[in-house]
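Here is the structure we will look at.
The values are calculated or read from the model by the stated rules, or taken from the named source; none is laboratory data. Since we're looking at a predicted model, the values are computed, not measured. Cβ placement follows ideal geometry from the backbone for every residue including glycine, while neighbour counts extend to all protein chains displayed.
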Amino acid sequence: MEAAGKWLELSGTLLTMYGLWFAWNRNSNRRLRLAISRWTAFVSNKTRHATATVFPCLRRSATVIVPAADAWAFAVSATVTVRSGVDPGQALTIQVQVLAGQIEAMANDLQALRQRIEKNEVAQKTLANNADRAADSAVTALRESGRLEAFTDLSVALAGIFITAVGIVLGMVADGRFSWLPW
């Protein structure tokens with residue numbers, strides 16, 4: 001009975017260590033996994049090199065061709081001439097009418113531009129609200145998944161602690177430390 005208690009203590013302690021290690025590994029940016037992947041890459045490269053050294057027929061040659069690159073940058077100045085569409089040789093009333101038509105066309109263009117800006121503002125507010133709602137739901141889902149992961153990781157450790165406690169109690173019963181109990 002004492003041996004069974006010791007084995008339960010050992011297995012519970014090992015299970016607790018595994019649960020805590022797993023929780024640490026998951027929450028420590030996976031540094032251990034990165035170290036393991038680097039180590040396996042190092043070992044595989046050394047193995048490949050040793051195999052190619054022992055068996056020369058497995059060697060491969062590689063040729064890398066890097067073309068040269070030329071960069072050209074230049075700027076040229078430009079002269080812009082703007083014409084209003086008004087012929088100075090026409091009568092003054094016709095020139096004023098042409099200018100009035102141009103001003104009315106510009107006013108219509110500005111009105112259309114204002115409407116487009118207002119539509120874009122409404123669309124931007126709608127997109128911002130949708131993005132806020134999506135971000136809130138994503139954060140909530142992430143919090144819930146983080147809680148579930150933490151519960152899963154620590155539940156293994158808690159089960160190990162429970163098994164260790166049962167092993168300790170079983171060992172104490174076998175030693176006769178609970179002889180004062182009625183059973």
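Evaluate the following for Val122: is it of a type in the set (Val, Ile, Thr) and closer than 30 Å to Trp21 by Cα? Judged against the criteria, Val122 is not a match.
Yes/no matrix, rows are residues, columns are (1) surrounded by 10 or more Cβ atoms within 10 Å (Cβ to Cβ); (2) aliphatic (A, V, I, L, M); (3) under 22 Å from Glu9 (Cα atoms):
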position: Asn129; (1), (2), (3): yes, no, no
position: Arg133; (1), (2), (3): yes, no, no
position: Leu142; (1), (2), (3): yes, yes, no
position: Val156; (1), (2), (3): yes, yes, yes
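Within the range 109-127, is there a residue that is at pLDDT below 85 and either in contact with a Ser or Thr (Cβ under 9 Å, 6 or more places away or on another chain) or among the charged types (D, E, K, R) (or both)? Scanning the range 109-127, I find no residue that is at pLDDT below 85 and either in contact with a Ser or Thr (Cβ under 9 Å, 6 or more places away or on another chain) or among the charged types (D, E, K, R) (or both), so the answer is no. Contact annotation: residue pairs with Cβ atoms under 7 Å, 6 or more positions apart or on different chains, pairing a residue in the range 20-34 that is closer than 13 Å to Thr152 by Cβ and at pLDDT 70 or above with a partner that is among the acidic types (Asp, Glu) and in a helix (DSSP H, G or I), are Phe22/Asp153; Ala23/Asp153; Arg26/Glu149; Arg26/Asp153.
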